[in-house]
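Take a look at the structure below.
The values are calculated or read from the model by the stated rules, or taken from the named source; none is laboratory data. None of the values given here were measured: they were computed from a predicted structure. With ideal geometry, Cβ positions are generated from the backbone for all residues, glycine too; neighbour counts draw on all protein chains shown.
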Amino acid sequence: MIYDLIIIGAGPAGMTAALFAARYKMNFIVLSKNNGGYMATADSIENYPGFERISGAELAEKMANQIKKLKVEIKNEIVREIVKKDDIFEVHANKIYHAKFVIIASGTERQKLGLENEDKFIGKGVSYCATCDAPFFKNKTVCVIGGSNSAVMSALLLEKYAKKIYLIYRGSELRADPIRVHELKKNKRIVIILNSDIKNIKGKEKVEEIILKNGKKIKTDGIFVEIGSIPDVILTQSLKKEGVKTDDKGYIFVDETKETNVKGLFAAGDCTVKQLRQIITACADGAIAAANVYQNLKTHIRIKSK
């Protein structure tokens with residue numbers, strides 16, 4: 001079977017693309033390792049129009065329910081490779097799928113610290129999701145590493161559970177929105193440490209201490225890593241084999257229609273080179289990509305019918 005379109009990813013970009021594709025009556029499927037993407041891990045979202053405050057999980061559920069009502073088929077599969085053969089794309093997941101067009105909306109994955117003992121302590125004090133793991137640190141001391149919105153939001157969420165929170169950032173000032181920074185600085189249980197970076201993690205069976213590069217030691221029960229994200233590494237390697245242009249971090253270059261330099265291959269959302277990575281911009285990207293796939297598909301059908 002050859003689909004009109006395969007959408008890779010079910011975050012805000014992928015689900016919006018699916019919403020538009022369904023309304024255009026395309027024959028398509030969505031392949032994604034999870035539903036909601038990065039958005040689903042956000043404790044609180046306050047900058048998405050129409051909602052003064054909503055959790056990422058709830059917003060993801062609302063988006064998913066909307067497209068499910070349109071009979072959109074979502075398969076929870078990890079895409080490892082995309083290969084173009086003539087005018088057809090082969091998408092390698094649990095099996096090989098075929099489509100005339102592909103929209104990559106795979107988002108990003110959490111970046112690790114790259115420390116020697118990091119993997120050893122995953123699930124034993126090291127976490128990449130405060131929304132998921134904050135309740136496990138009730139009345140304990142924790143450290144958040146990073147200075148972006150996600151780091152500040154994680155610290156504020158952890159304040160509901162932990163007795164003390166250290167926010168450690170290598171820069172001289174936090175990069176989060178001023179309104180978040182103001183809220184953070186008012187909180188007496190959160191200690192901000194700037195111009196510092198983590199050097200090592202110590203502990204026997206679980207995290208017990210971190211050592212900063214300046215030699216300072218901090219006793220802690222948990223470390224929440226919020227130092228940004230990068231595109232899917234395995235998928236990026238596959239795209240480079242196909243000649244898809246990316247930047248040095250693996251973010252995909254697209255034109256104003258969201259098409260890559262490979263004809264018929266589109267990309268939308270956080271996996272692309274862009275100025276602002278937010279839910280609302282991901283949704284816009286997904287809509288633009290699906291609309292342009294539809295226009296290309298109509299042209300494709302007219303040419304085939306001649």
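Name the one entry in G56, G36 that is within 16 Å of the chain's Cα centre (by Cα), over 30 Å from K240 (Cβ atoms) and surrounded by 20 or more Cβ atoms within 10 Å (Cβ to Cβ).
Values: G36 fails: over 30 Å from K240 (Cβ atoms).
Answer to the check: G56.
The residues on offer are L31, L19, and the sole one that is closer than 22 Å to I279 by Cβ, more than 18 Å from the chain's Cα centre (by Cα) and hydrophobic (A, V, I, L, M, F, W, C) is L19. Taking (1) under 30 Å from C132 (Cα atoms); (2) among the aliphatic types (A, V, I, L, M); (3) modelled with pLDDT under 95; (4) crowded, with 19+ Cβ neighbours inside 10 Å in turn, I230 satisfies each apart from (4). Of everything in segment 78-106 that is touching a Lys or Arg at 6+ places or on another chain (Cβ under 9 Å) and not in a strand (DSSP E or B), the residue that is modelled with the lowest pLDDT is D87. Residues of segment 24-66 being hydrophobic (A, V, I, L, M, F, W, C), touching a residue at least 40 places away in the same chain (Cβ under 8 Å) and assigned to a loop (DSSP other than H, G, I, E, B), which ones? Of everything in segment 24-66, those that are hydrophobic (A, V, I, L, M, F, W, C), touching a residue at least 40 places away in the same chain (Cβ under 8 Å) and assigned to a loop (DSSP other than H, G, I, E, B) turn out to be M26, A42.
Filtered by the rule that a residue be touching a residue at least 40 places away in the same chain (Cβ under 8 Å) and assigned to a loop (DSSP other than H, G, I, E, B), segment 107-132 gives G107, Q111, K112, L113, L115, E116, N117, E118, K124, G125, Y128, C129. Restricting segment 149-174 to residues that are among the small types (G, A, S) and surrounded by fewer than 19 Cβ atoms within 10 Å (Cβ to Cβ), which is farthest from Y38 (Cα to Cα)? Ranking the qualifying residues of segment 149-174, first place goes to S172.
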